[in-house]
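Data block below; observations after.
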Amino acid sequence: MLSWLGVVNTALVVSFFWALILFGAVGFQIMADGSLKSMLTIIGTSLIILISMGYIAADTALGISDGLKPKPSDPLYSPGVFTIYLVFPLVAIVIFGLLQMTIVIKFLSARLPMVWLLCAFICFAAGQAIMFGASKKMCESTNRRIDGAFFATLLDTAAMSCVYGFWSAITVDDSNVYEEEEYKF
């Protein structure tokens with residue numbers, strides 16, 4: 001059962017970060033923002049990533065084929081899962097950040113949204129540092145009552161809140177459109 005939870009978690013994490021890259025590219029208006037074509041592209045490719053990464057994780061965890069099996073001497077050694085679960089999200093965050101910085105600096109000529117983006121990166125980096133750097137020590141010193149995952153989750157939530165603040169800072173408020181006569185209920 002735990003193997004399947006790991007498979008689902010890995011597939012969801014990777015597809016989430018794939019969608020993050022696509023959401024970062026939306027601002028360049030390659031396809032009309034919110035159009036059926038852009039939504040189907042994001043949903044369709046995210047589903048493809050979800051299924052394919054789920055297969056890779058399942059093959060690694062459950063040994064469906066011999067191609068991705070971990071070494072018998074070290075069952076925790078899995079370069080494929082390491083790459084898709086840890087390296088790809090980092091690359092996706094860097095790509096998202098670069099895309100958003102390009103949009104804000106080049107097209108919007110604004111600086112305030114960059115503070116939100118910087119805060120998001122700091123929160124995310126701090127969460128990952130705690131998760132991978134201090135989690136074991138924390139777990140041992142609290143007799144296994146708490147580990148770095150708790151603080152990493154809090155900081156990841158703060159990072160997502162900062163991304164929302166960033167989005168809010170670069171989005172034009174068009175609420176006055178709905179105050180016109182034809183939209184009153």
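The values are calculated or read from the model by the stated rules, or taken from the named source; none is laboratory data. As the structure is a prediction and not an experimental result, all values here were calculated from the model. In this analysis, Cβ positions are derived from the backbone assuming ideal geometry, glycine residues included, and neighbour counts consider all displayed protein chains.
On the basis of being surrounded by 10 or more Cβ atoms within 10 Å (Cβ to Cβ), part of a helix (DSSP H, G or I) and at pLDDT below 90, does A149 make the cut? Spell out the reasoning first.
Values: surrounded by 10 or more Cβ atoms within 10 Å (Cβ to Cβ): yes; part of a helix (DSSP H, G or I): yes; at pLDDT below 90: yes.
Yes; evaluated as a whole, the condition is true for this residue.
If the requirement is being assigned to a helix (DSSP H, G or I), over 16 Å from the mean Cα position of the chain (by Cα) and surrounded by 12 or more Cβ atoms within 10 Å (Cβ to Cβ), which of these qualifies: T83, T102?
T102 is the lone residue from the list that is assigned to a helix (DSSP H, G or I), over 16 Å from the mean Cα position of the chain (by Cα) and surrounded by 12 or more Cβ atoms within 10 Å (Cβ to Cβ).
Can you tell which of S109, S175, S135 is modelled with pLDDT under 90 and at positive phi?
On the way: S175 fails: at positive phi; S135 fails: at positive phi.
After applying the criteria, what remains is S109.
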